[in-house]
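Presented below is the structure to which this report refers.
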Amino acid sequence: MNWYLDVLKKYAVFTGRARRQEFWMYVLFNIIAAIIVAILDSVLGTSPLLYVLYALGVLLPSLGVAVRRLHDTGRSGWWILIELIPLVGGIILIVFLALEGDAHDNAYGPNPKTLPAP
């Protein structure tokens, strides 16, 4: 749960690097939260109001952690736009996000694996 909250605390931070674990744990908790909100939305009969509000609320943190994850692999955050290419763009982006990060410092900052825990 801390991975999810840490990303939300860095609400619109697009600098630095994010480990694979930070990114994928955020994605996991985000999917779980979205399912819960969608269920709550349908039970309350407000569909899709709450879900849309939730999706808008986590849009910037989701973009921020994805950009930081791309930075960890040595790529510019602009690579996130590759998802706009139909069919293959999303697959390529998932591969980039799943690759191991640079083991050394890169242009986007020090290796987050070697940094002391906050």
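Taking the stretch 67-92, which residues are of a type outside the set (Val, Ile, Thr), part of a helix (DSSP H, G or I) and more than 23 Å from LYS113 (Cα to Cα)? Passing the criteria: TRP78, LEU81, GLU83, LEU84, GLY89, GLY90. Scanning the stretch 68-84 for residues that are surrounded by fewer than 16 Cβ atoms within 10 Å (Cβ to Cβ) and closer than 14 Å to ALA103 by Cα yields a single hit, GLY74. Close Cβ contacts (under 6 Å, 6 or more residues apart or on different chains) running from residues in the stretch 1-25 that are without any contact (Cβ under 8 Å) to a residue 40 or more places away in the chain to residues that are of a type in the set (Asp, Glu) and not in a helix (DSSP H, G or I) are absent.
The number of residues in the stretch 5-35 that are part of a helix (DSSP H, G or I), hydrophobic (A, V, I, L, M, F, W, C) and exposed (fewer than 13 other Cβ atoms within 10 Å of the Cβ) comes to 5. Note on the stretch 49-67: residues that are surrounded by 15 or more Cβ atoms within 10 Å (Cβ to Cβ) and either touching a Cys at 6+ places or on another chain (Cβ under 8 Å) or free of Cβ contacts under 8 Å to residues at least 12 places away in the same chain (or both) total 0. Residues that are under 14 Å from ARG17 (Cα atoms) and acidic (Asp, Glu) within the stretch 69-99 comprise just one, ASP72.
Values quoted throughout were computed directly from the atomic coordinates according to the rules given, and no laboratory measurement underlies them. Nothing here was measured: the structure is a model prediction, and the numbers come from that model. A quick note on method: Cβ atoms are made from the backbone with ideal geometry, for glycine too, and the neighbour counts reach across all protein chains shown.
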